[in-house]
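The values are calculated or read from the model by the stated rules, or taken from the named source; none is laboratory data. These numbers come from a predicted model, not from an experiment. Neighbour counts run over all protein chains shown; Cβ positions are idealised from the backbone, glycine included.
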Amino acid sequence: MNYEESKAVITYTGEGWNANAKSLLEAVGADSFEWRRPLGRGPKHVRVEAALFAAAEAPSNRPMIHTFWSACTDVDTWRSSEKDRVERWIRSIAAGVEWLVVLAAPKVADKARTELKQSERCISSRDPALLRRVRQMLLTAISNEEQRLGQEVRRERERRNEQGWSFGEYLALQEQLAALLGTLKGAEDEALVQYDELDALFTQFVRNASLIGKVNFVLRNEKQQHLNFLSEPPPWLNSFSAPLKEWRGLGIDSNARFAIVNSDASLLQLRVYLFTRQLNLLLKMNQPQQIAERCLPLLQICSNELRILEVDFPEGAASCWAVQVSLQVLHVCRKYPDQVHSLPAATLCDYACQKLFQLGELLGLMPGGQGPSSAQIDAALWLGAGLGPEPPFGGEQLKEALGSPAAFQKLYLELAELALGTFKHLGRSRSARQLGHQLANFHQLRGDPHLAAAYLSDALTAVEGWPTLEIHILSQLAECLTGEKLAMARARLAASLTLELEVRKQHWHQLLQILKTLDDDGCVMPLEEVFDLVSVTPISGHRQQAYVNINSRLPEAVLVNPSLSVQTSLPQVSRKESNPRGRRLRGNFSACLSSEPIKIQPGLNEFILNAQGDLHTGHLSQLSLIMNDKMDFVSAEARLGIIEVKKGETTISVESGQLLARMPQKFQLRFTAGTDGIEEGTEVTIKAPRGLSLGDGGRQIVIELPKTEQGQDTVVTLEAIATPPSAKSTDIEYGLTLTSSLWDQAYPVSVHFTVPVAASVKLHTAMKTKFLQVVVSSTCRQRLMLSDPTLELSLGTCTPLPISSKPLTLDPDRPLSYIWQLEIEGPIRAKFNVNLTKDEVNGAYNCEFELAECATMIFVNSKVAAASGAEVCRANAMCHLHLTVEASEAIGYSLMYELLADQSMWAVCGRTAGVLNLDQPSHNLVLEVMPLTSGFLPHPQVRLSKYIPANAGSTHPKLEPFGPGQVYNKSKSLQVHVLPAIQSS
Amino acid sequence: MAVCVAVIGKDNAPKYVSCLNPNMELDFHYKVHNALDVVEEKMSANGKASGDIRELYLGLLNSTDDHKIFGYVTNTKIKFVIVTESANTSLRDNEVRMMFRRLHSVYADVVCNPFYNPSEPISSKAFNETVRNMMAGNL
């Protein structure tokens, strides 16, 4: 439907109509006018254009106003004839239609107004309000028509699910409304809404059809006969399922519209028709930015709807159509410079590229192939023919492209580069690089691996962190590369754990092949791509070393030459700037730690690198693993640890296990040569302190050292016996002093000895007989053999109690005891000797004790018995404690006795202490005690002490305890059986 | 329902990608990766507008002939991406939102696990189970 055909109409009649009047009316559309609309819709400023028709020729069915142009200029003529004519004319006009009488002279107009009683509808042609009046009437006419059509559209839409309803007819109706609105300049958006509604309505129909299909399919399959099948899609929709015969691009085609209205159009025809209408309206509204934005969803919806409606079409036709529409839309966008580089245009471009790529593959138009086969040429011709005759919006390129591979490739590159450039410009880096990835495929087919590699490398940077994508792109990249770059790509692939082992091995073997072809410069590759540097542990000193831990991700073992650079000075700042991005540089390896070639197995590996030649102090900086002399895996420059040179003297360290005193022991002195090394035959004098004898027993020996290189060791073994002066401490440190030409001053070394055993004594008494027990325990936590114990007394004799004379084993935590019976008088000194054996090394242990006066002088006997009358002791009943004190011989002082009873068991009822004068050999005392509980109670103890009465020297009497063994308590450890108390009733 | 579900970390590297059809995994990886452009755009746009910060759903990111790609971003900049089939016209926006909310909740469970290191890919069985259910359509 043409807008020209739906313009509002102004009819004219009467003699007054002339050229002036015509030009006057033609100015109706020159100015905008406020259009107030019913139903709460906001006012709009619109311009109304109208077509002028003579009354007889006016078309019907259009919003219309009628005008009568009177030529009458004087009131008399008006009155005599003109008035009648006008009245006749007015009567001929149908009700509800606007009309206007234009009179040539103002006075006649005044007359007409009063006589016809139509003040609004009679106006002088010279009245400036004429145009406004005409516009207002036109708008009223249009408004009325719009309301009428709107109601009709709504009514029809309500009926859309009824039988016999047809989308085509409905479309024709709503288009009338759209066309009407389209005639109003400024109301195009309203017209667009009509088409959007049609678009949405159709989309909904197709959607429902797909749902109905799915539900019915399920119901049929599940034999749910009792459920009603959804009603089948409307029959008019079937026409859209018809096979495609043509796939024309955008453009208004009257045949197409006819077909649509008659339900005989194809899906693409309908979609193209609707979109073309929308596009035209958007252009009228000067909103080109919406065109590309609306185009992509359209293409996607169509692609979907073709599938849903199961439309048959030749392979490639849908793609062909999509490319054609895209090209046309892009062509339109090109007229607006800011639009062609907009995101929607780029996305559309990208979409067209994909479709074009598919077409190219289908029709054999891609580069690098044999060219299209005859079948493919036929298909291309067929597809080209389906595009119809000359498309109205440009887009001839597609027909051309279908005909020749060169034109096709040109078109493809043009589109791809436009999209790529726009994506980059708009910051859609991933989209840009993905498109670049496709371009790379294209260039690779074209036989330009160089360009392909550039695009792929770029794409690779975009997918960082996406292992699957990285590997995919890298595998493709490997196909485009040669030389060292290929080697690096293969190495990365071989080390990618996401790939299968077999695939990685293939890459690995290919890498080995490539390395053979590389020139001697080889290539430098970041170590991290293949190995993980787990740790580097530097060991400073005379022998600089570094322990390196790396994890290899390669599928097989590899022999490499390792080296670790030492950065002896601060890095130069300029180096970083000159380092091209992404390129790993091999730093300065003039100072480095290295080793023989080593084999790195897949997984964790540890190896040691040594300083070769000169030593350096500095930061460990880069690890380099050179494989096959060609490929250098270099880690990033970093501070991996500090390594230092300890320049200077020969150092000595003592190496020994636990050294035992009193036995010949061996230990090693390790001489580590300093920077100057040790000359052959260098003499070293070793002096031992008192208590330590070296070698044959002297305290000084001289040794000769062999020639020793810098950093190397010489070990000298020494034998020594330590004889610590006292047995008090178990751990003794002896300081050795070494003097030699190696050092300016004496070199001190300390050696630690442990006393192996410790002995203690205990005196035991039986009446007057005395025994001495010597307890020997280990202090060195080692097992020793003890033999030949002897005890020497300064006075008196001793007899060992017969125990086995065989050597005894002394275990840690299990002391040994030896017992002698003594026959002594007065204080004596005793010396204990025992031989020690440890690992067939013999030694001796001795120690001395002093024994005080210990002869038994007093015997004490005590006994608890029931008080008079009772036979047994009972709790809470008084008992008697009979105490007997006897002296073995007369002693010249008094004794003090004290009763020490546990207060929880015994209550002492009378005296608790007293003084005995031992003028007679035996004393008997009776003391009163009361057991507090029943059971076997320990005897109350009696303590005896010497009592020295007060004399002139001291005002208070003094108590002196007896020495051990001097008082023998016969009743020690006795218990008293106490029965429970008698319960008084 | 969903044909692919992905969780992408703060650094835009994938933490979890699962597809209904394993043969299409590469294709979906590309699609999800590509959609990150739009996620970033929307995130920076949201940052500027002083709108509702709590709205985590980003809506439709991209669409192709066959698929629609939806996005969601958590406050900690973890991105969820769900791919659905374009042919599935009955899927409503609200259902997609529901799926995202569900995904967010199981993701929170994963992160609450003290043995899970947030820099590692997600290997939780429970998470996988939920995603499988989502793809099978029994949400």
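Values for this structure:
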item	result
Conditions (1) of a type in the set (Ser, Thr, Tyr); (2) under 26 Å from A:Thr765 (Cα atoms); (3) assigned to a loop (DSSP other than H, G, I, E, B): number failed by A:Thr955	(2)
Qualifying residue in region A:694-706 (condition: within 58 Å of the chain's Cα centre (by Cα), at pLDDT 80 or above and not hydroxyl-bearing (Ser, Thr, Tyr))	no
Which numbered condition A:Val775 misses (of (1) touching a residue at least 40 places away in the same chain (Cβ under 8 Å); (2) over 30 Å from A:Thr856 (Cα atoms))	(2)
Criterion: in contact with a strand residue (DSSP E or B) (Cβ under 8 Å, 6 or more places away or on another chain), at pLDDT 85 or above and under 30 Å from A:Leu486 (Cβ atoms) - qualifying residue of A:Leu660, A:Leu669, A:Leu625	A:Leu625
Residue satisfying all of: in region A:310-346; buried (at least 21 other Cβ atoms within 10 Å of the Cβ) and touching a Ser or Thr at 6+ places or on another chain (Cβ under 8 Å); farthest from the other protein chains (Cβ to nearest Cβ) among these	A:Cys333
Subset of region A:818-832 that is surrounded by fewer than 15 Cβ atoms within 10 Å (Cβ to Cβ) and more than 17 Å from A:Thr769 (Cβ to Cβ) - its residue that is farthest from the chain's Cα centre (by Cα)	A:Pro827
Single condition A:Asp788 does not satisfy, out of (1) outside any strand (DSSP E or B); (2) on the phi > 0 side of the Ramachandran plot	(1)
Scan of region A:46-80 for residues that are loosely packed, with under 13 Cβ neighbours inside 10 Å and over 23 Å from A:Ala95 (Cβ atoms), ordered by number	A:Asp76, A:Ser80
Residue within region A:324-332 that is closer than 20 Å to A:His437 by Cβ, in contact (Cβ under 8 Å) with a residue 24 or more places away in the chain, outside the structural domain of A:Leu439 (by TED's automatic domain parsing) and not hydrophobic (A, V, I, L, M, F, W, C) present	no
Single unsatisfied condition, A:Thr809 versus (1) within 15 Å of A:Leu786 (Cβ to Cβ); (2) modelled with pLDDT under 85	(2)
Among the residues listed as A:Arg126, A:Arg88, A:Arg135, the single one being surrounded by fewer than 16 Cβ atoms within 10 Å (Cβ to Cβ), in the same structural domain as A:Leu52 (by TED's automatic domain parsing) and part of a helix (DSSP H, G or I)	A:Arg88
Meets criteria (among the polar types (S, T, N, Q) and over 33 Å from the mean Cα position of the chain (by Cα)) for A:Gln544	yes
Helices (runs of 4 or more DSSP H) contained in region A:376-459 and holding at least 1 residues away from chain B (no Cβ under 14 Å), of a type in the set (D, E, K, R) and surrounded by fewer than 22 Cβ atoms within 10 Å (Cβ to Cβ)	A:396-403, A:405-426
Qualifying residue in region A:753-774 (condition: part of a loop (DSSP other than H, G, I, E, B), surrounded by fewer than 12 Cβ atoms within 10 Å (Cβ to Cβ), on the phi > 0 side of the Ramachandran plot and modelled with pLDDT under 85)	yes
Criterion (among the polar types (S, T, N, Q) and over 30 Å from A:Glu680 (Cα atoms)) met by exactly one of A:Thr737, A:Thr797	A:Thr797
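The rows are residues; the columns are (1) within 29 Å of B:Tyr30 (Cβ to Cβ); (2) touching a residue at least 60 places away in the same chain (Cβ under 8 Å).
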site	(1), (2)
A:Leu481	yes, no
A:Ala487	yes, yes
A:Arg490	yes, no
A:Ala494	yes, yes
A:Lys505	yes, no
A:Gly522	no, yes
A:Ser535	no, no
A:Asn549	no, no
